[in-house]
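Please treat every number below as a calculation from the coordinates, not as lab data. Owing to the predicted nature of the structure, the values given are computational and were not obtained by experimental measurement. Cβ atoms come from the backbone with ideal geometry, glycine included; neighbour counts cover every protein chain shown.
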Amino acid sequence: MIDGVRVLQVRRDFEWVDGSSHALIESRLIGPSRSYSVVSVSPKPEWTINNFEGFLPRLLDIAALEGVN
């Protein structure tokens, strides 16, 4: 739990038959009235991590918002 939002995260590293590789972070953010999924994937693990960490704080803010009626 981060700021009242449940964060479920999986990281996968892929190596393809052509010799290339990709790193992937997949996450589900579950807030009090909404949930979101985010995926970050790129050929370099550090890019994937930087992209994910850049988006995570804003997505936490959005997921933490209560629904508006």
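Assorted remarks:
- Within the shell of other residues whose beta carbon sits under 13 angstrom from the beta carbon of R28, the net charge comes to +1, with Lys and Arg scored +1 and Asp and Glu -1.
- The modelled label-to-label distance for the pair A64/D18, using points 7 Å beyond Cα in the direction of Cβ, is 4.2 nm.
- Extension gain, F55-R28: 0.36 nm per intervening residue step, less the Cα-Cα distance, totals 8.5 nm.
- Sum of -39500 (n - 2.57) over DSSP H runs of 4+, divided by residues of the chain (222 nm, nearest 500): -10000 deg cm²/dmol
- Cα long-axis angle, helix 45-64 against the chain (0 to 90 degrees, to the nearest 10): 10 degrees
- Modelled spin-label separation between S35 and V10, with each label point placed 7 Å from Cα along the Cα-to-Cβ direction: 1.3 nm.
- Overall form of the chain per C-alpha gyration tensor (a/c, 1.5; a/b vs b/c): prolate
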